[in-house]
Amino acid sequence: MLPARLLVVASLCAARLAHADDPPPLASWNQWEDSGASGVARGVLLLGTDVAFRLPSLPGTSPRTLFVGIQLEGGYMVTDGFGLRTEVTFQVHDGATSDVRLIPATIGGVLHALPKSPIDLYLGARGGLALVHIGDGGDELEPTVGVLGGIAFHYWGMFLVSAEVGYDVLRYGTQSLDGPCFAIGTGLAL
């Protein structure tokens, strides 16, 4: 009888030792425990495509005219709250009285107010060159500078949707092509 009791006590102790602990509670908003779920954490690469709208004033048109285009952008987070970004926008304009081409390529810095959060508010500045062609004039590279601000929502750890507004300063000879710009798009945080 004693060996049977020892066998029961030994099996109860072994069962208690073999039992796994409960998993720790989730510390992150998503099920994969991604620490930088918003995509704005140090070392993250941000890639995106946007539908871009620009409202510069052109000669021979109303005070503002609408350009629509595709914007390709890439960014790298240097710290949790600061990143570098570059973008190029290919814009189309059908309503101009003459042939108009405007392709800006810029690089800039962006401050992110809510690092490691699914909601990303940011402000930044950019500068670069724009390929400009209006009417019978030649293609010229002109300097451009601007400011931007936006909001992005990051989901499933690597996907994002964003909306941003900005204002760019651009000259073509003596003509001002300054104007507000808007973009709505999607991207990846890798």
Open item on the list: Considering only residues that are modelled with pLDDT of 90 or more and in a loop (DSSP other than H, G, I, E, B), which ones fall in region 44-69?
Closed with: none
Task: Whichever residue in region 128-186 is of a type in the set (Ser, Thr, Tyr) and part of a strand (DSSP E or B) and, among such residues, is modelled with the lowest pLDDT - done: Tyr172
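Which of the residues belonging to region 135-176 are of a type in the set (A, V, I, L, M) and within 25 Å of the chain's Cα centre (by Cα)? Break it down stepwise before answering.
Going through region 135-176, the residues of a type in the set (A, V, I, L, M) turn out to be 141, 145, 147-148, 151-152, 158, 160-161, 163, 165, 169-170.
Selection gives Val145, Val147, Leu148, Ile151, Ala152, Met158, Leu160, Val161, Ala163, Val165, Val169, Leu170.
Given the condition farther than 16 Å from Asp50 by Cβ and over 14 Å from the mean Cα position of the chain (by Cα), answer yes or no: does some residue in region 179-189 qualify? Step through it out loud before you land on a result.
First, pick out the residues of region 179-189 that are farther than 16 Å from Asp50 by Cβ: 179.
Filter once more, so that each one left must be over 14 Å from the mean Cα position of the chain (by Cα): 179.
Yes: region 179-189 contains one or more residues that are farther than 16 Å from Asp50 by Cβ and over 14 Å from the mean Cα position of the chain (by Cα).
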- [ ] Six or more apart or on different chains, Cβ under 6 Å: which pairs go from a residue in region 132-158 that's in contact (Cβ under 8 Å) with a residue 60 or more places away in the chain to one that's assigned to a strand (DSSP E or B) and of a type in the set (Asp, Glu)? Could you list them?
- [x] Ala152/Asp120
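The values are calculated or read from the model by the stated rules, or taken from the named source; none is laboratory data. The structure displayed is predicted, hence computed values, not measured ones. Every residue, glycine among them, receives a Cβ derived from its backbone with ideal geometry; neighbour counts consider all protein chains shown.
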